[in-house]
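This report refers to the structure that appears directly beneath it.
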Amino acid sequence: MENYLDLKGRLIEQGIRFSSQTDTEVIAHLIGLYERETGDFVAAFGKAMQDLRGGNAVVAMNRNHHGLILAARLGYAGAVVIGLGNGETFVASDVPAILDYTQRMVFLDDGEMALVTSEGPRFFRISGEPIEKEIVTVAWDPVSAAKGGYKHFMQKEIFEQPRAISDCLGGRVDVEVGEVHLNDLLLSDEDLRRIDKIYAVACGTALYACLLGKFFIETLAGVRVETDYGSEFRYRNPILDERTLLLAVTQSGETVDTLAAMEAARAAGVKSVSIVNAIGSQAARLANGGVIYLNAGPEIGVASTKAFTTMIIALYLFALRLAQARGRIERSRMRQEIQSLLEIPNHVGDLLRDTSIYAELVDRYHRASNMLYLGRWVNYPIALEGALKMKEISYIHAEGYPAGEMKHGPIALIDEQMPVVCIAIRDQVYEKMLSNVEQVRARGGEVIAIATEGDGLIAEKAQHVIYVPRTAPLLSPIVTTIPLQLLAYYMAVRRGADVDQPRNLAKSVTVE
Ligand code: AGP
C-alpha cells in the first residue's frame, strides 16, 4: 500500500488511535470512518478502496454484518480468486488454496470487488456499479496439486515434465499436414505478418526462456526480438509502435514487473501476448493479443522446472506459428520441426530414468561455496538457468556465464574449490566448449560436463559427464536443462535446504 502513511496521518488528525504499525490497520480504520459517515458498510468498503494506491488484495468482514465477506483487487498485484462451491463460496489469493473444494473460479480484475454471502457472490466496480464476471473452470484436479508420492513438489514437477511437455504440445501440432495451431492466440495471419519487432519480457527463469525464444523467433520466423527483464523494461524508452508485439512470459501470470511491462505496452497501444501457466491470471487477462497456456498443471515448487521447459516449447510453437503465417517455412520443414518436438517428451523421460549419477556428484560437491556454469549459443541461457536453480534452492553462490567470456574475467576464479558445469554437447559450438573444458582443467578446476550420449572424447577431459540424448540443435536446451534441475535438487536435499520454499523467496513475486 504505497500511500498508507498519508492516509494514516489523515486518520490520526480525525482522532483515530492506532494500535499497530501495519498498513492493514489503516484500511480497517478507513472503512470504519466511511461507515460512520455513510451508515453503509459495503459502500464504505468501496469508498475506502478508492483511496488506496499500489497493488492490494483486501478482504474485509464486520462483526455487525454476519455472513458477509467483501473482497477487492487493486492494481495488478495481489490476486483475488472467488471459488464457487456447491452451496458455498470461497475467497482466496490463489487457485491451489481452494482447489480441493471447487474448480469453478472468478478472478477479480483491478478496481473490482466481490460481495460474498451464503447466497453466493455478487461483483461490482469499487465505485459501486454492478458487473458481470466470467466463471473460469480451472481443470487442475486437487490430486495433481498434491505431491503425488514425491518427497517435494519440485521433485514431482521435474518428473512430470514428459507429461507437461506432451500437454503443452497437445492439440497444437499436426505432423501429417505440417501445421501449428495456437487457438488462444487472437492474432490473425495478417496481424502476425505485420509484426516487425517483438519485445520478450519476463523475470528470473522465465527471462531465460525468453533468451531462447529470441533464437527461435529470429532463426525460424525472421523477426527481430529484444529481451528484457520486466523490472528493467519499465525504465527503458522502448520504441513501441503498431508493428511491435510484447511477449510476456510468466508461470504465475502475477509477477508485478512483468505485468508492468504489459501495462506499458497497453498504454502505448501495442498488442501483447502472454505465455502463461496459471489459468485466468492477470497476465492471461491483460493480453489483448491472446494467450499461449503452458498447460503444465500447477507448479507449486518455488524453483520453476516444468514451467521452464514448457515455456521453451510454447516459444518454439509461437516461432513456428509466426514463420507459418509469414510463409517462411515449407510444409516439409514444418513436419520435420513438429516431429522433433514430438520426440522431446521421450528424450526427457530417458533422462529421468536413472538418477544415480547425482549421488556421486552431491557427495563430492555439496560443500562447495561457489559454482560456475558455462554454455554457448542456445545453451548459454541454460547455463544461466542452471546457476539460478542451484543458487535459489541450495544457497550455493552459482553464476552462469557465456563460455566465450571466460578469458574476460571469470577464469580468474577457477581453482580446485570451484566446480564448473560445462554444457558441451555435439552442436555447432562443441569444439569451442571442449577448449573451455581444457582451460578449466589446466587451472585445477573440476568439470561436470553435460554431453551428447556416445561422446567418448569429452570423458577424457571432464571429471564427470552427464549424457543427454541428441535432439534438433535449437531444441537441445530442453534436454540439457534437466540434469541441471536434478543436480540442484539433490544438492539442496543433501544440504538440508527447504527445497519447495527456499528462504526469502516466493513462488510469485507480486510486489516490487
Ligand atoms: C525460478 O526458479 C524462480 N522461482 C523465479 O526466477 C521465477 O522464474 C520468476 O520469479 C518469474 O516468475 P513467473 O514465471 O511466475 O513470472
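The values are calculated or read from the model by the stated rules, or taken from the named source; none is laboratory data. Fair warning: this is a prediction, and the values are worked out from it, not measured in the lab. Here the Cβ positions follow ideal geometry from the backbone for every residue, glycine too, while neighbour counts run over all protein chains shown.
From the list R367, R376, exactly one residue is of a type in the set (K, R), over 26 Å from the mean Cα position of the chain (by Cα) and modelled with pLDDT of 95 or more. Which is it? Checking each option against the conditions leaves just R367.
Among residues belonging to segment 117-138 that are within 28 Å of E299 (Cβ to Cβ) and either without any contact (Cβ under 8 Å) to a residue 60 or more places away in the chain or of a type outside the set (A, V, I, L, M, F, W, C) (or both), point out the one that is surrounded by the most Cβ atoms within 10 Å (Cβ to Cβ).
So the residue we want is P121.
Of everything in segment 460-512 that is more than 25 Å from Y316 (Cβ to Cβ), among the β-branched types (V, I, T) and away from the ligand (no atom under 14 Å from the Cβ), the residue that is surrounded by the fewest Cβ atoms within 10 Å (Cβ to Cβ) is V493. In segment 215-243, the qualifying residues are those that are in contact with a strand residue (DSSP E or B) (Cβ under 7 Å, 6 or more places away or on another chain) and surrounded by 22 or more Cβ atoms within 10 Å (Cβ to Cβ), and the one that is farthest from P477 (Cα to Cα) is F233. Within the span defined as segment 411-420, every residue fails to be at pLDDT 95 or above and either touching a Cys at 6+ places or on another chain (Cβ under 7 Å) or closer than 20 Å to L474 by Cβ (or both).
Of all the listed residues (G15, G67, G54, G83), the sole one being closer than 23 Å to E254 by Cα and part of a loop (DSSP other than H, G, I, E, B) is G54. Please specify each residue of segment 275-315 satisfying the condition of being over 11 Å from the mean Cα position of the chain (by Cα) and of a type in the set (F, W, Y). Across segment 275-315, the qualifying residue is only Y293. All of A383, A398 fail the test of being touching a strand residue (DSSP E or B) at 6+ places or on another chain (Cβ under 8 Å), of a type in the set (G, A, S) and either touching a residue at least 60 places away in the same chain (Cβ under 8 Å) or in a helix (DSSP H, G or I) (or both), apart from A383.
Residues in segment 312-364 that are surrounded by fewer than 18 Cβ atoms within 10 Å (Cβ to Cβ), hydroxyl-bearing (S, T, Y) and over 23 Å from S166 (Cβ atoms): S332, S356.
Taking the criterion of being surrounded by fewer than 20 Cβ atoms within 10 Å (Cβ to Cβ), small (G, A, S) and touching a residue at least 24 places away in the same chain (Cβ under 8 Å), the residues of segment 157-187 that qualify are S166, G170.
Need a quick list: strands (runs of 3 or more DSSP E) entirely within segment 211-312 having at least 1 residues that are aliphatic (A, V, I, L, M) and within 11 Å of the ligand (Cβ to nearest atom). So the answer is 244-250, 271-276.
The rows are residues; the columns are (1) within 16 Å of the ligand (Cβ to nearest atom); (2) among the charged types (D, E, K, R).
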residue	(1), (2)
E360	no, yes
R367	no, yes
M390	yes, no
I396	yes, no
P402	no, no
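Determine the pairs where a residue that is closer than 18 Å to G171 by Cα and in contact (Cβ under 8 Å) with a residue 60 or more places away in the chain, located within segment 297-318, has a partner that is within 12 Å of the ligand (Cβ to nearest atom) and small (G, A, S) with Cβ atoms under 8 Å apart, the partner being 6 or more residues away or on another chain. Going by the 8 Å Cβ cut-off, the qualifying pairs are T310/A296; M311/A206; M311/A209; I312/A209; L315/A209.
Tallying residues that are over 30 Å from V80 (Cβ atoms) and part of a helix (DSSP H, G or I) within segment 126-181 yields 9.
Considering only segment 275-315, how many residues are of a type in the set (S, T, N, Q) and out of contact with any helix residue (DSSP H, G or I) (no Cβ under 8 Å at 6 or more places or on another chain)?
The initial filter retains those residues of segment 275-315 that are of a type in the set (S, T, N, Q), namely 277, 281-282, 288, 295, 304-305, 309-310.
From the residues that got through so far, the ones that are out of contact with any helix residue (DSSP H, G or I) (no Cβ under 8 Å at 6 or more places or on another chain) too are 281.
Going through segment 275-315 one residue at a time, the tally reaches 1.
Any residue at all in segment 415-435 that's within 16 Å of the ligand (Cβ to nearest atom), among the hydroxyl-bearing types (S, T, Y) and surrounded by fewer than 21 Cβ atoms within 10 Å (Cβ to Cβ)? No, there is no match, as no residue in segment 415-435 is within 16 Å of the ligand (Cβ to nearest atom), among the hydroxyl-bearing types (S, T, Y) and surrounded by fewer than 21 Cβ atoms within 10 Å (Cβ to Cβ).
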